[in-house]
Amino acid sequence: MADVSFVDKVVLITGASSGIGAATAIYLSKTSAKLALVGRNEKNLKRIALYCEKYKGIAPLVLVADVTADADTERIVKETVEHYGKLDVLINNAGVIGMGGIKNSNMETYDRVMTTNMRSVYHLTMLAVPHLIESKGCIVNTSCIAGKKPSSMALAYSLSKAALDHFTRCVALELGPDGVRVNSISPGFLKTNLLKDTALTEDQLEMFVKNVVGSTPLKRPVESDEVSALIAHLASDKAKCITGCNYVIDSGSLLH
Ligand SMILES: NC(=O)c1ccc[n+]([C@@H]2O[C@H](COP(=O)([O-])OP(=O)(O)OC[C@H]3O[C@@H](n4cnc5c(N)ncnc54)[C@H](OP(=O)(O)O)[C@@H]3O)[C@@H](O)[C@H]2O)c1
């Protein structure tokens with residue numbers, strides 16, 4: 001585990017019920033972070049919270065909420081600050097994928113993907129900023145290499161992540177003088193529940209995974225705990241001179 005400490009730091013993680021967010025919650029629980037975990041799936045969220053509590057005995061705050069609903073987003077920030085008295089780190093990680101290019105797209109996919117991956121981040125960040133200014137805290141956004149490399153298979157997803165990268169830079173510029181850092185990470189392919197939301201059959205999914213992983217120079221998928229370590233580093237004091245940056249963790253995918 002990275003040599004980072006989050007003693008007395010309040011960390012809010014969206015999409016903590018699964019994949020990268022769950023792994024990051026577990027990773028940070030080992031560093032004594034006080035966690036607020038957000039997701040819609042209560043059962044999964046509570047399971048992850050129990051797992052986190054095992055390490056340092058600190059029970060996370062569980063917030064069952066939909067980040068696309070404004071009232072829920074408001075509740076997420078309000079309840080976190082009421083519970084812990086402050087907010088030090090915001091990890092905007094919740095995300096969905098939608099398949100299709102411009103020839104086979106539909107507006108439902110565009111709206112769902114952009115609302116979850118970008119609008120909710122805009123709103124949650126806006127509400128969290130006064131608290132982050134007070135704590136001189138920081139933000140880490142989970143983007144994707146699809147935001148850098150054009151995708152004909154997942155157009156709306158690719159757009160949402162390109163927007164998130166620019167959002168990261170703009171907000172970092174604005175909040176720098178307030179002592180708040182803002183960075184993003186761009187993972188390559190990971191085996192999480194993200195792809196379950198596509199219309200791909202099991203066989204197609206297996207073929208997709210094989211092709212994507214096989215095409216990386218390192219011939220391996222990225223693991224969730226490797227992404228968590230990068231997020232933890234950027235959110236820690238070790239990164240106190242890093243802001244407005246995007247870190248790629250992709251087994252070399254972008255080299256092609
Ligand atoms: N897997 C990859 O290959 C990959 C690569 C690059 C970047 N990423 C990014 O990594 C992030 C996490 O994805 P993952 O791979 O860990 O996928 P995942 O296992 O499907 O996790 C997605 C998380 O987002 C949450 N979420 C989705 N919609 C939500 C909503 N409306 N309200 C609240 N929570 C919501 C889900 O929670 P509930 O279902 O409980 O709501 C879940 O915890 C995403 O931003 C994704 O774009 C993934």
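The values are calculated or read from the model by the stated rules, or taken from the named source; none is laboratory data. All of these numbers come straight from a predicted model, not from anything done at the bench. All Cβ positions, glycine included, derive from the backbone under ideal geometry; neighbour counts span all protein chains shown. We work out accessible area using only protein heavy atoms, side chains counted, and drop any ligands, DNA or RNA first. Shrake-Rupley method; radii C 1.70, N 1.55, O 1.52, S 1.80 Å.
Surface composition of the chain: carbon plus sulfur atoms hold 56% of the accessible area, using a 1.4 angstrom probe and ignoring ligands, DNA and RNA.
Leaving out ligands and nucleic acids, and using a 1.4 Å probe, what accessible area per residue does the range 111-256 come to in Å²?
50
Across the chain, C-alpha contacts under 8 Å between residues 6 or more apart give a mean separation that, scaled by the residue count, equals a relative contact order of 20 percent.
With charges only on Cβ, +1 for K and R and -1 for D and E, what is the dipole size of the range 2-54 about its Cα centre, in debye, rounded to 20?
Here the size comes out at about 200 debye.
P(r) for the range 164-256, please, calculated from all Cα pair distances in 5 Å bins and given in %. Calculated P(r), rounded to whole percents: 3, 13, 18, 17, 17, 13, 10, 6, 3, 1, 0. The tail of the calculated P(r) for the range 180-224 beyond 13 Å holds 62 percent of all Cα-Cα pairs.
When only the Cβ of Lys, Arg, Asp and Glu is charged (+1, +1, -1, -1), the dipole of the chain relative to its Cα centre reaches about 420 debye.
Relative contact order of the range 1-81: 27 percent, from C-alpha pairs under 8 Å at least 6 residues apart in sequence. Using the 1.4 Å probe convention, the accessible area of the range 1-106 works out to 45 Å² per residue with neighbouring protein chains retained.
For Lys78, a cut-off of 29 angstrom between C-alpha atoms picks up these lysines, skipping any fewer than 8 places away in its own chain: Lys9, Lys30, Lys34, Lys43, Lys46, Lys54, Lys56, Lys86, Lys136, Lys161, Lys238, Lys240.
Give the Rg/Rh ratio for the range 12-83, taking Rg as the radius of gyration of the Cα atoms and Rh as the Kirkwood radius, to two decimals.
Result for the range 12-83 is an Rg/Rh of 0.95.
Near Tyr247, the amide H atoms lying under 5 Å from its own belong to Ser184, Ile185, Ser186; only residues 5 or more places off or on other chains count, and H is placed 1.01 Å from N. Were the residues from Cys245 through Arg220 laid out at 0.36 nm apart, the gain over their Cα-Cα distance would be 6.5 nm.
To the nearest ten degrees, helix 202-214 and the longest principal axis of the Cα atoms of the chain are 80 degrees apart.
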